[in-house]
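Structure first, then comments.
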Amino acid sequence: MLGRLSHAGGIRSSGSPLTAAADATSSSSTRQLPRPRPSLVPAGALQFLTWALIVTGVVGPFLPLLYASVRDRPLYEDGGLFSLRGYREVLGDSAFWHAALNTLQYAVETTALAVVGGAAIAILVARTDMPARRILSRLILLPVLLPALGIVLGWIVVWGPGGYLTLLADQRLHLPTLAINTIPGMSLIESARLLPIAFLTCEAALSRADSSLEDAARSAGAGPLRVLRSVTVPMLRPALLNSGTLIFTLAIASLGIPLLLGSQRGINTISTYLYLNWTNGANPDPPSVSAGAVILLAIATILLIVRNRLLGAEARFVSIGGRAGRKAMLQLRGLRWPCMAAVTLYLVFSTLIPVLGLALMSVVVILTPLIAPWHLLTSDHWHTLAQAEFRQAIEHSVVISLAGAILTTALVALATLVAHRSRFPLRRTLPFLMLYPRATPGLIIGIGFFWAYLLTGAIGDYLRTSIWGIMVAFCVRDLPFAYVVMYPTLTRIGEELDRAGRSVGAGWWLTSRRIVLPLLRPAIFASFILMFVEILNDYDPALFLVKPGTEVIGTIMLSEFIQGTIGPVAALALVQVAATVVVLGVGAALLKIRVTGEHDA
Amino acid sequence: MPEIHVDNLVKIFGNQRALDQVTFAVEEGELFTLLGPSGCGKSTTLLSIAGFQRPEEGRIDVDETTFFDAERRINIAAERRNLGIVFQSYAVWPHMTVFENLAFPLKVRRVAKRDIRSRVADVLELVEMGEYASRYPHQLSGGQQQRVALARALVYSPEVLLLDEPFSNLDAKLRERARAWVKELQRSLGLTTVFVTHDQDEALSMSDRVVVMNRGVVQQIGTPEDVYRRPANRFVAEFVGRVNLVQGVVAAHDGATVVVSVDGSSHRLAVAAPGGVVPVSGPVTLAFRPESVTLLPAESTTNGTNTWEGDVHAVAFLGDHYEYDIHVGSLPLTVQSGQRMAGDRIKVHIPQEALSILADESA
């Protein structure tokens, strides 16, 4: 149109500078521009493919699981018939009901401890003058980020029956100790791991909420504690309910802690009950394990739906909350340092002691308070890591973490765009699908994929016998983290930016590729880092998929530990912890540089 | 330059009709403004033309091309409509330089590299941003970003320019300059333009024609003068500028004037009705602008049609004029005048031509 544009200028040359400029354009090109060509990749097909991949990954494992639970014999045996025998077996087994009661006690105690602790720390960090609150609020995240299995092993080395501190306290100092291989003891460890979830939710709610609400109560004559009780805590109620439900769900699904501590003493939860039945070489009963898994899945799904309702309630609270302004500071006075000490103590117990225990264990022949550790030094455990078995597992883990993180990040980035920035008819199903695996027990994903691979012919066989099958299960299990990182960033990218892209002639895919995805880059990078760490540290779905030759760090740690090979496992756990810290640290540093770099560019 | 025809658009959000049979035609080369309060459907209309909203019913044509037709299930994708649009937030892509922002639409059209450079340079010159080509958007002021957004919308020679409240993020001084500048650019390029605003000053000062909308319904289409001086209904009268409204009943009627007796008083108003369709009887609402009233001293001997005596309740000084709050009996009137009148009693004269009869909303 520049041709037309100059033409118009010519007709109305009124002598204004603008008209002159319009005239000037005539010299450059008078050619009509071609219309933009339609994209080679039809947007609809790409959006459907993305959606189909997510559906296959998330729903895929559940259908075979459901199918396996209503057959009279395992799917790998010929001639199965429809039967509810699996459900009858499970529900008729008194051990299952015993495990269910244990699970309930375990989950309730874990939730109570984690929610109360997390909320208390959140209030201390967000609303008081506790010293070092900023750095503490960062460190609090460590327990959820560090490898769960490694930390549990660390606890056992230090605090388990025969653990270093247990023996020290019991035999040397004659002090009573809390046995961690009881349900309250296991809940304590589980809650230490899950507490940051409650902390994060509450802290976010507090920093969103207008602190003038609290100021108003103060000026109305309420003392600090009264304000806390009457204003702050009620304000946190949605966050408490929301994080409490999530923690409860995760505690029900927890496998590592009950397996390593409880089942040794015959205390089973539903998870360990199912796992032990599954791996019971003498008398395996896949249909009834599948039936039990379906029951567990139903419970987790109900809890997720409840949580979604609560999230809706929370959103209503948020919308009335003002913007984050000046924070009301509750003066702790004499309690400043004791409060800080309490929070530090939590960090010491949840993170430092297990990690130190692992470090010590990895360099001594035997860890005992009876002989000073420096008399027992050895580097054998570390040498063991170089042996084929361990080395292969480490290599596998690194490969699937890298590949899995790349694949999942790419897929979730696309799926997030389809969900929130497209007109794809089924887009509204995607957010739920992408959050669903978060509440799904790892063992269900493991069993589900086991059946799924079994039923899908050559592709399934290939996945079943290689590390890629484990990778797919880990990716599905951990993809909610990628979505949770990307979605908030996407909402901050104004929709007019992609509309502008469409209006100048770029189709959905070109707009996504050239405009939205580049703007999403920091979140894509963050999600890659997080996915890498999560996949590296994940283990429970793999317990049902692993075969000789496809071990990953988590599975080999668990199996070797149960066989009593403690030293090398401690060294391996330490490697995992170190890798996690380094990757997260480097990632955070790079992210900071990239974000600020983009600002200064 | 093309014409735009919008026909019977209906858009439903939930159980609310965001657009209710919106119909208008934009003539070639004119600046056509959609004016109304927020939620009146003006942006929905614009986004429907752009292809970002899909109405339930109706039809949109630009020249011979049908962009949208609910009946024939035609809905050309936004990216295939070849329109230029400037968004309220400007939507200048923050990760691209000014040059890259302008080059993107040309790359999409596979224009040769050399041509891209010369075209971008020309258009940046046109919006007086030539020296900022290598800057990033965050290094530009709001006004400069707006020029970049406009340049980006012009660089690929679109058929039609759409402006979605482009001035609302500028401060008052800058806004006035930007209005004049955009208007001049639009006129010199002769570009058919649809402009959305909730600001009546903006609409009146820039537009060739205005459509006033409310609750998804077109209230009036006309030149700025038409809309201001001869508002079609009460909503238009109140939304565009300030207005005095008087309820009454038609008392007498001949070819050229209608005499209305004002409710609750013995006053009468004669209204010029040049050939217009006016109610011959029954209740009517009359409207007149505060500045159209002439003020006279109370002792003035003028005593003709449409001259009333009233009490001055309050006077406010607003710089270039005074604003009077006058009560004629129980009827409150707002009057603007350059003069400061002394005394509490005053005479007001409402010229016949200044009065308009508003359509009865209940009808």
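Each value in this text was obtained by applying a stated rule to the coordinates, not by laboratory testing. Predicted model only: the values in this text are computed from it and were never measured. Every residue, glycine as well, gets a Cβ built from its backbone with ideal geometry; the counts of neighbours run over all protein chains shown.
Key figures
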read-out	value
Prolate/oblate/rounded label for the stretch B:1-63 (Cα gyration tensor, a/c 1.5)	prolate
Cleavage-rule hits (trypsin sites (Lys or Arg not before Pro)) in the stretch B:52-104: DSSP loop, at most 15 neighbouring Cβ within 10 angstrom	B:Arg72, B:Arg73
Inter-chain shielding of A:486-496 (mean C-beta neighbours from other protein chains, 10 Å cut-off)	2
FRET E, pair A:Ser212, A:Val348, Förster distance 35 Å, beta-carbon r, rounded to 0.05	0.45
Karplus-derived HN-Hα couplings along the stretch A:581-592 (A = 6.51, B = -1.76, C = 1.60, θ = phi - 60°), whole Hz, x at Gly and Pro	5, 5, 4, 5, x, 4, x, 4, 5, 4, 4, 4
Potential lengthening between A:Leu141 and A:Arg391 on full extension [0.36 nm per residue; Cα-Cα distance subtracted]	87.1 nm
Reach of B:Lys347 by Cα under 17 Å, taken over aspartates and glutamates that are not fewer than 8 positions away in the same chain	B:Glu291, B:Glu299, B:Glu309, B:Asp311, B:Glu323, B:Asp325
Computed E for A:Leu356/A:Ser230 - FRET, C-beta separation, R0 45 angstrom, nearest 0.05	0.60
Rounded FRET efficiency, nearest 0.05, which uses the C-beta distance separating A:Tyr67 from A:Thr491 and R0 of 35 Å	0.35
In Hz, Karplus ³J(HN,Hα) per residue of the stretch A:69-74 (6.51, -1.76, 1.60; θ = phi - 60°; x = Gly, Pro)	6, 10, 10, 7, 8, x
Reduced Cα scattering model of the protein assembly as shown, Debye log10 I(q)/I(0), q = 0.07 Å⁻¹	-0.79
5 angstrom amide H check on B:His253, placed H, neighbours 5+ away	B:Val259
HN-Hα J in Hz across the stretch A:498-511 - Karplus 6.51, -1.76, 1.60, θ = phi - 60°, x for Gly and Pro	7, 5, 4, x, 5, 5, 8, x, 8, x, 4, 5, 5, 4
Only Lys, Arg (+1) and Asp, Glu (-1) charged, at Cβ; the stretch B:135-279 dipole about Cα centre in debye	320
Whole-number percent relative contact order across chain A, with pairs defined as alpha carbons under 8 Å at least 6 apart	21
B:Asp320, B:Asp201, B:Asp69 arranged by Cβ crowding within 10 Å, fewest neighbours leading	B:Asp320, B:Asp201, B:Asp69
Tilt relative to chain B, helix B:98-108 - C-alpha long axis, 0 to 90 degrees, to 10	70
Leading residue at positive end of dipole, the protein assembly as shown (Cβ point charges), from B:Ser261, B:Gly222, A:Leu584	A:Leu584
Amide proton proximity set for B:Asn214, modelled H, under 5 Å, gap of 5+	B:Gln219
For B:Ser89, residues with placed amide H under 5 Å, excluding near neighbours	none
Test item: B:82-93 mean partner chain Cβ contacts at 10 Å	5
Charged-residue dipole, Cβ positions (Lys, Arg, Asp, Glu), the protein assembly as shown about Cα centre, Debye nearest 20	1720
Test item: B:107-117 mean partner chain Cβ contacts at 10 Å	4
Along each principal axis, Cα extent of chain B, largest first, Å	78, 49, 35
Per-residue Cβ neighbour rank within 10 angstrom, fewest leading, A:Met186, B:Met129	B:Met129, A:Met186
Fewest-first sequence of A:Leu296, B:Leu174 by Cβ atoms within 10 Å of each Cβ	B:Leu174, A:Leu296
